[in-house]
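Only one structure is covered here, and it is reproduced in the block below.
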Amino acid sequence: MQKLDYKNLNEVIVHNQEEMDSIPEDFQGRIRLQDTTGRVYINKCYYLNVYVEAKASAVAWENSSVEARGNSSVEARENSSVEARGNSSVVAWENSSVVARGNSSVVARENSSVVARGNSSVVARENSSVVARENSSVVAWENSSVVARGNSSVVAWENSSVVAWENSSVEARGNSSVVAWENSSVVAWENSSVEAGGNVQVVDRSYDHKIKTSANARVVYMPHGLQEFINFFGIEVKNGVGTFYKAVRKDEAGLYHSDKKWDFIYEVGKVKKESDINRDTSEDCGKGIHISTLQFALNYGEDWRNLAILECQSKLEDIVCPDDTQGKVRTSRVKVVREVPLEECGVYGKILAKRLKRGVN
């Protein structure tokens with residue numbers, strides 16, 4: 001590798017780890033990562049001088065500041081600051097601050113602050129603050145504050161505060177507070193407080209009446225019985241057979257295992273049976289083969305490193321629908337149609353796919 005005179009350079013282009021490690025810590029110019037071979041670890045404090053672009057992949061450590069562009073992938077740790085643009089993908093840890101634009105994907109944890117725009121997808125945890133716009137998808141945990149606009153999708157937990165605009169979808173839990181406008185959809189759990197205006201629809205799961213509506217906003221309740229379940233969740237039914245989904249664990253050999261029973265294996269194109277099904281509708285998790293809506297399946301397996309989503313079919317006559325279902329039912333007989341690529345499972349499916357490829361929980 002040619003030795004460079006870094007004192008007289010304003011910019012260095014890096015393609016691999018060896019080139020990155022050769023740059024002295026006192027280098028004052030700009031560092032550009034382009035078309036990298038594997039991940040490049042940014043272990044030194046380059047502050048505002050690192051740019052990740054042109055399909056590059058980088059991991060930033062120790063309070064580094066990174067600007068990512070052009071379908072780049074960045075994992076930032078230890079109080080790092082990242083600005084991501086142009087379909088970039090970012091995983092931010094430990095009080096990181098991220099600005100994501102242009103279809104970026106962000107996983108932010110530990111008091112991170114994220115501004116996501118341009119169809120970005122964000123998972124924010126531990127007191128994170130998120131502003132999501134333009135069809136963004138956000139999962140916010142632990143006292144997070146979220147402003148969602150432009151058909152955003154938000155799941156808010158544990159005293160989160162959310163303002164949702166423009167056809168956003170919000171699921172609020174744990175004493176969360178939500179203000180929803182412009183055709184947004186809200187599911188309220190656990191003493192959440194919701195103020196709904198415009199044409200907002202609020203699904204009241206708390207039955208605690210902490211919901212204020214104005215204009216054409218309305219409050220609805222979860223379905224009771226299989227037919228209401230089908231109508232509520234928009235389950236596709238043809239000739240008495242419904243299409244559902246199931247989160248399973250896929251091993252290295254390509255076998256699909258039940259999460260609860262490892263030796264219970266599903267195969268594409270084949271029927272799986274469970275004769276001893278619990279038909280008591282008052283029990284949410286009774287014995288049987290559990291199948292669900294696509295969103296429920298994604299949420300159920302979101303933290304698995306071996307997640308696979310199966311599309312399944314079951315006759316309606318074989319299904320038991322619990323009284324207080326959250327999106328799943330159980331059946332005695334199911335046929336596996338196919339494995340559904342996570343990239344086909346909406347915005348949140350796409351972020352899970354990217355996380356699995358990076359080995360991130």
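Pairwise Cα distances in the range 204-361 exceed 24 Å in 38 percent of cases.
Give 273/354; 210/315; 210/238; 287/335; 261/315; 250/287 a once-over and call out the pairs whose C-alpha atoms are over 27 Å from each other. Result: 273/354; 210/315; 210/238 exceed 27 Å.
Amide H contacts for residue 274 (H built 1.01 Å from N in the peptide plane; partners 5 or more residues away or on another chain; cut-off under 5 Å): 333.
Where a number appears in this text, it was derived from the coordinates with a stated rule and is not lab data. Please read all numbers here as calculations on a predicted model, not as lab measurements.
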